[in-house]
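Asker: Please read through the structure below; I'll follow up with questions.
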Amino acid sequence: MASAPHPGFSPRPSTGGRHDLVVLANRLPVDHTVGADGRPSWRRSPGGLVTALHPIMKQRAAAWIGWHGRPGPAPAPFVHDGIHLHPLALTGDEVEGYYEGQANATIWPLYHDAVEQPAFDRAWQDHYRAVNRRFAEAAARAAAPGALVWVHDYHLQLVPGMLRQLRPDLRIGFFLHIPFPPVELFCRMPMRDEILHGLLGADLVGFQHAQGTRNFRALAAELLGAKTTDTAVWYEGREVTADTFPISIDFTGQQRLGIDPAVQARAAQIRRELGEPRTMILAVDRLDYTKGVECRLKAYRELLAEGRLDPAETALVQVAVPTRQEIGPYQALRERVECEVGRINGEHADIGRMPVHYLYQSFDQAELAALYLAADVMAVTPLRDGMNLVAKEYVATRTDGTGALVLSEFAGAAAELEQAWLVNPHDVDALKDAFVDAAFADPAEQRRRIEPMRSHLRRHDVDAWATGFLHRLEPAGADRTAAKVLRTADRWRAGSAGQHRGGVRAAERTVRPPQRHNVTG
């Protein structure tokens, strides 16, 4: 069955094999799988971004550019479920330098102001530049004249500036899915000017939280001398809109899971398997040092030792989703967490009963929804987080208005879910008090808190997020003539035929914007 037109977006055919909407992200929206018959195939990835953009992209015959997930040559471009996929290749050295190094050992800890110190390595920076350049060149080839290009996340912060040099006719948006740091933290970055130049190549830069938006404007003024307003940065003769777009979830889909009889039956089964505890506390995190897992376990252990929570009547289910297992700090974190889980169970377990159930694995959405329904208390206590969609999923799944959410003040979701038990996760005593208050809250108190949060998420779902960003990115009465746009694109295409290693420099000679951004330092 054909999908209904997405509100506010008129499908346009691609032009000459190119696309009027192009999305760039580190990974493609599909995962490579091998079936029972041994034949390889592609399966749509789970996750909010794919869910939000899929209907829009399918209508517009859009393209998605991303890494296919393995070192080595990339598959040829292909169409999956109506979306044109353009896989990019990364070598083993690039995976180590661009992804594991610069993206996840430098930018990730720096932007999260986390317990791990960022590492700075010039070879990683070179790989980051090279891979960002490859993404920009791929987008320049895939985009139709005047197309919208939406670049996602910290892996690709140089792309908007590079793409602006290659294709000044495009409307370029960038959205950061993680926190954006304050001036004093960002200034530690050796590539700080490059990254700001890169981001300012966009027409619209979006952040999860208003503080990130303010930090970005302050940095542009401080480091580059740009003029700023409450919603814009003026730089090199261009207005760059900078604003806040809190990402959300598929509220309707999550609510549908919450009323699914099979999911409800599984939730009841989970409670029985746990021994029908009075209080089940649930935490679902990628096993990352930003998620506050160790602080949470420490608070729980002390509550059991003090008798404020009875180990015979309380169960904590900690789902730890494996991530970045090849990186040293993540391996060390896993060892510490598993040691603490063993300590708690060693001190407080009894025959047939454990106070902590630790699951180092990932689950599908139906099983997660069953866990959400089974949990009396949901603990979402990161030390720092861009948004944390788990908190929103829990609220959406609780269709009967029960449940208690303990939420870190430093998760982006805290700005929207103000009725949760908000807590500073660094303050173990405050964390303990929040757990106890949430565990013993009566149903009326739970409803008083959760219903306004559900109402907010119903209005501000992931579709509203994606639609809102793209509406802001669409040109308001574009003043470019079709001839000018086509001339720009054709000049770039003619100049790109011989591009290989020096792709950006070749394109700069072919198409020069009014002011040139120095994105390569």
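Asker: Return a yes/no flag: does segment 71-84 have any residue that is crowded, with 20+ Cβ neighbours inside 10 Å and either without any contact (Cβ under 8 Å) to a residue 60 or more places away in the chain or over 17 Å from the mean Cα position of the chain (by Cα) (or both).
Answerer: Scanning segment 71-84, I find at least one residue that is crowded, with 20+ Cβ neighbours inside 10 Å and either without any contact (Cβ under 8 Å) to a residue 60 or more places away in the chain or over 17 Å from the mean Cα position of the chain (by Cα) (or both), so the answer is yes.
Asker: Does Arg272 satisfy the condition of being outside any loop (DSSP other than H, G, I, E, B), over 29 Å from the mean Cα position of the chain (by Cα) and not assigned by TED's automatic domain parsing to the domain that holds Ala210?
Answerer: Yes.
Asker: Checking the condition within 20 Å of Ala130 (Cα to Cα) and out of contact with any helix residue (DSSP H, G or I) (no Cβ under 6 Å at 6 or more places or on another chain), which residue from Leu200, Leu163, Leu185, Leu170 passes?
Answerer: After applying the criteria, what remains is Leu200.
Asker: Restricting attention to segment 169-190, and to residues there that are buried (at least 21 other Cβ atoms within 10 Å of the Cβ) and aliphatic (A, V, I, L, M), which single residue is farthest from the chain's Cα centre (by Cα)?
Answerer: Filtering segment 169-190 for residues that are buried (at least 21 other Cβ atoms within 10 Å of the Cβ) and aliphatic (A, V, I, L, M), the one farthest from the chain's Cα centre (by Cα) comes out as Leu170.
A quick yes/no check of all residues on (1) modelled with pLDDT under 75; (2) in contact with a Cys (Cβ under 8 Å, 6 or more places away or on another chain); (3) over 25 Å from Arg171 (Cβ atoms):
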residue: His6; (1), (2), (3): yes, no, no
residue: Ser10; (1), (2), (3): yes, no, no
residue: Gly16; (1), (2), (3): yes, no, no
residue: Ala36; (1), (2), (3): yes, no, yes
residue: Arg44; (1), (2), (3): no, no, yes
residue: His54; (1), (2), (3): no, no, no
residue: Ile65; (1), (2), (3): no, no, no
residue: Pro73; (1), (2), (3): no, no, yes
residue: Leu85; (1), (2), (3): no, no, no
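Asker: Grab the helices (runs of 4 or more DSSP H) fully contained in segment 145-199, keeping just those with 2 or more residues being over 23 Å from Ala210 (Cα atoms) and at pLDDT 95 or above.
Answerer: Qualifying helices (runs of 4 or more DSSP H): 159-166.
Asker: What are the residues in segment 281-294 that are in contact with an Asp or Glu (Cβ under 9 Å, 6 or more places away or on another chain) and not in a loop (DSSP other than H, G, I, E, B), if any?
Answerer: Ile281, Leu282, Val284, Val293, Glu294
Asker: Given the structure, is Tyr235 closer than 30 Å to Arg353 by Cα and of a type in the set (Ser, Thr, Tyr)?
Answerer: No; evaluated as a whole, the condition is false for this residue.
Asker: Among the residues of segment 391-421, count how many are under 19 Å from Asp260 (Cβ atoms) and either under 21 Å from the mean Cα position of the chain (by Cα) or β-branched (Val, Ile, Thr) (or both).
Answerer: Number of matching residues: 8.
Each row is one residue, and each column tells you yes or no for (1) among the polar types (S, T, N, Q); (2) at pLDDT 95 or above; (3) assigned to a helix (DSSP H, G or I).
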| position | (1), (2), (3) |
| --- | --- |
| Ala434 | no, yes, yes |
| Ser455 | yes, yes, yes |
| Arg458 | no, yes, yes |
| Arg487 | no, no, yes |
| Ala494 | no, no, yes |
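Asker: Continuing with this model, one more query. Specify which of the listed residues (Arg334, Arg384, Arg343) is in the same structural domain as Glu276 (by TED's automatic domain parsing) and touching a residue at least 60 places away in the same chain (Cβ under 8 Å).
Answerer: Exactly one residue qualifies, and that residue is Arg384.
Asker: Consider segment 298-320. How many of its residues are over 14 Å from Met354 (Cα atoms) and either buried (at least 17 other Cβ atoms within 10 Å of the Cβ) or not hydrophobic (A, V, I, L, M, F, W, C) (or both)?
Answerer: Count: 9.
Asker: May I ask you to verify whether Glu276 is touching a Lys or Arg at 6+ places or on another chain (Cβ under 6 Å) and free of Cβ contacts under 8 Å to residues at least 40 places away in the same chain?
Answerer: Criteria not met by Glu276.
The values are calculated or read from the model by the stated rules, or taken from the named source; none is laboratory data. As the structure is a prediction and not an experimental result, all values here were calculated from the model. Because the Cβ atoms are built from the backbone with ideal geometry, glycine has one as well, and the counts that use them run over all protein chains shown.
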